[in-house]
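One structure below.
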Amino acid sequence: MNPQNLSIPILVPFLLALISFLLPARIKWLRETVAVLGAAAIVYIAVTFFGQKETFYVLPWLGHGIDFELRLYQFSQFILLAVSGFVFLITLYSTVRMAGDPRIREYYGYLFLTAAMASGAVLANNFVPLVFFWEGLLITLYALITIGGKKNSHRTAVKSFLIGGFCDFCLILGIAILWSQTGTLRMSDISVVPQGLTAVSFYLMMIGAIGKAGSMPFHTWIPDAAVDAPVAVMAYIPAALEKLLGIYLLARICLDLFKLEVNSQFSLVLMTVGALTIVLAVFMALIQKDLKKLLSYHAVSQVGYMMLGIGTAVPIGIAGGIFHMINHAMYKSGLFLAAGSVEQQTGTTELKKLGGLYRVMPLTTLGFVICAAAISGIWPLNGFVSKEMVFHGSYETGYTIFTIAAWLGAILTFASFLKAGHSVFFGPRSQEIGEVKESRSPIYIPILALAGLCVLFGVYNQLPLKLFIQPILAGHAAAGEHIDFTAHALAVFNPIALISLGCLLLALGLHVFGFRRGGNKAYMASEPIHRLPILHTLYDWAEARVFDLYEQGIKFLQALSQFLFKFVDRPIDFFYEKIVVAVGRAATNVLKAAHNGFYANYLAWSIGGLVLIVWAIGALLR
Amino acid sequence: MIFLFIIIPLLLAGLMPLLGKISKRFLPDLLANATMLFLLVFSVLSAKPLIAHGGVIQQAFWFGAPLNIRLLLDGFSLFMLFTISLVSFAVTLYSINYMEHYGAKANYYALLLVMIAGMNGLVLTSDLFNIYLFLEVAAVASYALVAFGQGHDELEASFKYLMLSAVASAAILLSIAVIFGLTGGLSFGTVASGLKMLNIKYVVGFCSGLFLMGFGLKAAIVPFHSWLPDAHPSAPAPISAMLSGVLIKVSGVYAMMRIFLNVFGLTPALTTVLTVLGIASIFVGALAALGQNDIKRMLAYSSISQIGYVILGFGIGTPLGFIGGLFHLFNHALFKSLLFLNAGAVEQSTGTRSLDKMGGLAKRMPLTAATSAVGSLSIAGVPPLNGFWSKLLIIIALVQAKMVILAVLAVLGSVITLWYYLVLQHNAFFGKLNETWKSVREAPFWMSAATVLLALLCIVTGLVFPMVIHSWLQPAADVLSGGVAVALNFIGF
C-alpha cells in the first residue's frame, strides 16, 4: 500500500474534529449525520488497512533521529480496527445519549480528536511522535471529563490529568534512558535485554503503559470519573481505548523493546502488580452501591488479568493477555453503555433504587447479561477463553500463587456481577422510579453489537485468535513460536477450566448466601464479605481514600505548602512587608521633609552641590 | 535643509497668534499637528539618509555671505530630533481635546512651537554660545507654558522654576565665558583643539563643575532637582509630558553629554561624579516618589529617578553604556509622556490628582488604565517592554565596567520603581470603583489616540529593540564613543 496513506487514519478523525468544533451548535441533524458517517468512514479505513503488508512512512522532522515515522503492521492494524469500531459505536450511542448537551460541539470534537490521537499513538514508530499523541490523549481526556458538567468534574479531570501526567512523565524518562542506551528512537529498531539502566527504563516505561491502562495504583481517577464524566466517555476511554493503548504499549515493551525472560524479576514484578490489581480492585468493586462505580472498579481489576498474562512471558499467557484486552474492551464498553441506557431511562444508577428492569428494558437487559457473563468468564463466552489462557499461562510459570489470585478475582467478579445484574434488572420492580421504557435503537444497537461480538469471540474463539492474535505474536519470534491454541485444550474439560467453573459456582453460592442474609435484597448481597472483621476496617479506609495515592499526595503537598507558608514564606514576607516598607517609608519621610518648597533651601542645595562637585573633580584629578 | 528643523516651528509659532484670530480651534490644531508630523517624517525620511556616512555641517548664508551659524547633524543630534518630534506629535495630538478648556489654543501652540524650535536648535548647533542661546529660547517658552493655567500654584511654580533656571543659565554662561577666554573660540572644534593644546585640567575641571550644575539644574539631577516636582505637575498635562519627556533631556542631558564627551572628553573623574550623581538621583527620586499622593508629583519625582539611569548609563563611558543611556532616554521620553498624558486624562475626567480619592477607574476608563499599565510596567522594567531592555543594557554595561555595586543599586532602584508604580496603578485604576466616579467617562478620542500610540510604541520598541538599537542608537552611540575626535573633525568648517 502507498506509504503516504498511513497518515489517513490520523488525518480523517482530525478533520472530523475540526468540523465538529466549527459547526454551529444549532444545526443538530447535520452534526450528527457528519459524526456518524465520519465514524463509519473511520471504520472503513481501518478495515481496508487490515491485513495489509507491513508498511513504513517516514517524514523527516526535527533531525537527530526524531522523525515522524508511522508503521503499519499486524498489531497496529488490529488496534486501529478496534479503536475505529469503538469510535463508531460510541458516536452512534452519543447521538441519543449526549443529545442536548450544552457542550455537544466540543464533545464530538474531542471524541474525534481522541480517535486521531489514538490512531497516531498506535501507528507511531518513533518515540517522539508516540509521546506527542500519547500526551494529546491526556488533554482530550481532561476535556471530555469536564463535559460531564458535574460538581466535581473539573476536580476529577485535574486528577486524571495529574495521574496521567505522572505516568507519562515516567514513560518519557524511560524513553530518554532507552534512547541514551540504544542511540535510536525508532521503536522497531530497539530490542534490548533489560539490565542496569535499561532495567530502570523498562520499569519507567512499564509505569507509563500500565498507568494508561488504569492499573493499580494509578487507577484512582477512574471510579471518580465514573460519577463525574459522561457515561459514553467512560465506555469510550477508560473502558476501551485506554486499555487498548496501554496494553498495546505494554505488549510492545515486553515483546519488542525489551526481551522479557520467563520468571525474570521483570516478569515477576509485572505479574505481582497484575495479581494485586485483580484482587484489590475486585474487592472494591464488590461492595459498590452504584452501577457505574462498580463497573469502573472492574475496569481496573480486569487490567490485572492482561498484565498478568503478558507478564508471564509464556506464549499462551501473552496471547491470553492481548486477547483479554480486546475482549475486555468489548464487554466493558457494552456494560458501561448498558449502564448509560439505564441511567438515561431511570435517571439513576444506584443499585438500591433500581430493580426488575428486564420487563421494560429487555434489550438492554439482554446486552448487559451477556456482557456480564463474559466478564465473569462463563463458558463459552470470550471472557472465559481469554481468562483460561491467562490461567494456563500463569500456571505454566510455576508460581501458582498468581493463578490462585486470578481465580479469587474470578470468584469476586462473578459475585459482584450477580449482585449488580440481580439488583438492577431482576428482582421486584423498584417503586422509586416511575414509568420506564426501552431505550431508542442508537442506544441498544451498540450494546447488542458488543454483546454479539462477545458471543462470537467466545464460541468461535479460533476466529479472533487466528485472525488477530496469532499474527501479532508471529511477528515476535521469541514469544511466538508454535502457539497451538488447541494444545491447551481450551475446552471445558481440563483441570484448570474445571477449577474456574468451580469458582463460578462458589460465587453463586456467595451471592445466594448474601442475598438471603440481606433480607432478600440483591444490593445487600456483598454485605457478608463487606462486614468481615479486618476487611471491614480496610474497606472503611479505602472509602475514606486512605489508599488513594493521589489524594494522599495532595494532602501531603497541602501540609507541606502550609508548612512552607508558615515557616518560610511568612518570615520572608514579614521582611518585605514590614522591614522593607518601614525603611522605605522612613527614607521617604526624610525626603519629604527636605522638599519643603523654600526657594532659598533649593538654591542652597544647588550651590552646595556645585561646591561638592568641584571639590570632588579637583580631588579626583589629582 | 537642516535649518528647516528650526525655521518651520519658528515660522508657525509666529503665525499662530494671527491664525488664532481667524480660527480659534481648527486651524491651530491642524497646523500644529501637521508641523509635528512633518518634522517626524522629515527626520526619518530625509535627515536619516543625509548622515548615512557620518555627520554633516551646514552653513547659514545671508544674501550669499556666509554667517557664523553652522548646524551639525550627526547620529546623536538626529536621534534627539527624532525623539523630540515623536513626543511632540503625541502631545499635539493629545492637546486637540485636552487644551479645549484652557482656551487660547493658538497662543499655547505658539509657545509650544517656540519651545520645540529651541530644542531643535539646541541639538543641531555646533558651538557653545548657540547652545546657551537655544537653551534660553526653550526655557523662556517653558516658563510661560508652566504658568499657562495662571492659577496661584502655577505661577508660584513657574517663578521658582525661572529663578533656579536663571542660576543655571548664569553658571553655564560663566563657564562658557571662561572657556572662550582660554581658547578664543566657541565652536566645538575650536574649543576642543584649544583645550587639547593647553594643559589646564583644573580649570577645565572647574568649568565641568559649572556645567554640571547648570545642565544638572536643567536635567534635574540630584541635588539640583528641587524645582522639578513643583514645575512639572503645575503645567497642563501635555506640557508636563513635554517637559519631563524631552525638555529636561535636551537642555540637560544632551547639552551636558555633547560638551563633556565631544568637547572636553570624558575623564575618570567625570565618570565617577556622573555615576554617583546618577545613583543618587535614582534613589532620591524613587524614594520621594513613593511618598507622593499627587499622581503628577509622583511622576515628576519618577522623572528625577529615571534621569538618574540615563546619567548613569552615559557616565559609565563605555559604548554599551552609551547605548543603554540613549535607549533609556528614548524609552523614558515615550513612557513618561504617556504616563503624564494619562494622568491628565484622569485629572480631566475626575477633577482630582490625588491618588487617595481615585480607585477602580479601570472600569470607567479602560483604555487609559490599560495604556497606563503598559507605561507603568515599562518604566518599572518588566520584560518584554522597552524599559526592561534599556535598564538591562545599563546594568550589563555597569557589570562589564566592573561597577558591580552600582549595578546592584540600579536593580534595587528598579524594584522601588516597580513598587510605587504598582501603588499608582492600584490606587488609581484597580480595586473597587469609588462611588464618586460612577459616571466618569473615558478620555475623548484624540487624547486616547495619543496615549494608545505611545503605549503601542512602548510595546513595539520592546519587541523589536535590536532593530531600534541598530538603526537609531548605534549611530548616536558611535558619535559619543568618538569622543573629542568628532569635534576636531569639524575644525575646517
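Quick notes on this structure:
- For the stretch A:1-159, relative contact order (Cα pairs under 8 Å, six or more residues apart, normalised by length) works out to 28 percent.
- Applying a DSSP loop filter and a limit of 13 other Cβ atoms within 10 Å to the trypsin sites (Lys or Arg not before Pro) in the stretch A:510-579 leaves A:531.
- Space enclosed by the convex hull of the alpha-carbon atoms of the protein assembly as shown, per residue, Å³: 226 Å³
- Kirkwood hydrodynamic radius over Cα pairs of the stretch A:178-311, then Stokes diffusion coefficient at 20 °C and 1.002 mPa s, in µm²/s: 140 µm²/s
- Between the stretch B:122-164 and the stretch A:507-569, the Cα center-to-center distance that results, in Å: 82 Å
- Segments A:414-426, A:103-115, B:18-30 sorted - mean Cβ within 10 Å per residue, highest first: A:414-426, A:103-115, B:18-30
- If R0 is taken as 60 Å, the Cβ-Cβ distance between residue B:412 and residue A:512 corresponds to a FRET efficiency of 0.15.
- For residue A:192, residues with placed amide H under 5 Å, excluding near neighbours: A:258, A:259
- Stokes-Einstein D for the stretch A:136-227, Kirkwood Rh over Cα pairs, 20 °C, 1.002 mPa s (µm²/s): 150 µm²/s
- Debye intensity ratio I(q)/I(0), log10, the stretch B:77-176, q values 0.10, 0.12, 0.14, 0.21 Å⁻¹ (C-alpha model): -0.31, -0.45, -0.61, -1.16
- Chain A: DSSP helices with Cα axial extent of at least 30 Å and average Kyte-Doolittle hydropathy no lower than 0.0: A:28-49, A:74-97, A:153-182, A:265-286, A:291-312, A:315-346, A:400-425, A:495-517, A:599-621
- Those trypsin sites (Lys or Arg not before Pro) in the stretch A:113-175 that DSSP places in a loop and that have at most 10 other beta carbons within 10 Å: A:151
- Rounded to 0.05, the FRET efficiency of the residue A:466 and residue A:262 pair, given R0 = 35 Å and the Cβ-Cβ distance, is 0.90.
- With Cα atoms, 0 to 90° folded angle of helix B:445-463 axis to chain B main axis: 60 degrees
- Among the trypsin sites (Lys or Arg not before Pro) in the stretch B:365-465, those placed in a DSSP loop whose Cβ has at most 15 other Cβ atoms within 10 Å are B:402, B:432, B:438, B:441.
- Across A:289/A:387; A:419/A:521; A:289/A:419; B:363/B:432; B:357/B:438, pairs whose alpha-carbon gap is larger than 19 Å: A:289/A:387
- q = 0.14 Å⁻¹, the stretch A:550-621: log10 I(q)/I(0) [Debye, one scatterer per Cα]: -0.71
- Amide H to amide H distances under 5 Å link residue B:382 with B:388, where only residues 5 or more positions off or on other chains count and H is placed in the peptide plane.
- Label-to-label distance, residue B:153 versus residue A:494, with points set 7 angstrom from Cα along the beta-carbon direction: 9.9 nm.
- Relative to the longest principal axis of the Cα atoms of chain B, the long axis of helix B:319-350 lies at roughly 30 degrees.
- Remark: relative contact order (chain A) = 11 percent; criterion is Cα-Cα distance under 8 angstrom and separation of 6 or more residues.
- Close amide H contacts of residue B:69 (hydrogens built in the peptide plane, cut-off under 5 Å, sequence separation of 5 or more or a different chain): B:60.
- Rounded to the nearest 10 degrees, the angle from helix B:188-197 to the longest Cα principal axis of chain B is 50 degrees.
- Over chain B, relative contact order from alpha-carbon pairs under 8 Å, at least 6 apart, %: 17 percent
- When only alpha carbons are used to place a centre, the stretch B:355-423 and the stretch B:1-52 end up 33 Å from one another.
- The Cα center of the stretch A:371-433 and the Cα center of the stretch B:445-493 differ in position by 79 Å.
- Order of A:188, A:153 under a 10 Å beta carbon neighbour criterion, fewest first: A:188, A:153
- Note on residue B:202 and residue A:607: with the Förster distance fixed at 25 Å, the Cβ-Cβ geometry gives a FRET efficiency of about 0.80.
- Ranked list, fewest to most other Cβ atoms within 10 Å of each Cβ, for A:499, B:279, A:210, A:310: A:499, B:279, A:210, A:310
Where a number appears in this text, it was derived from the coordinates with a stated rule and is not lab data. Note that the structure is a prediction, hence the values are computed from the model and not measured. FYI the Cβ positions are ideal-geometry reconstructions off the backbone, even for glycines, and counts take in every protein chain you see.
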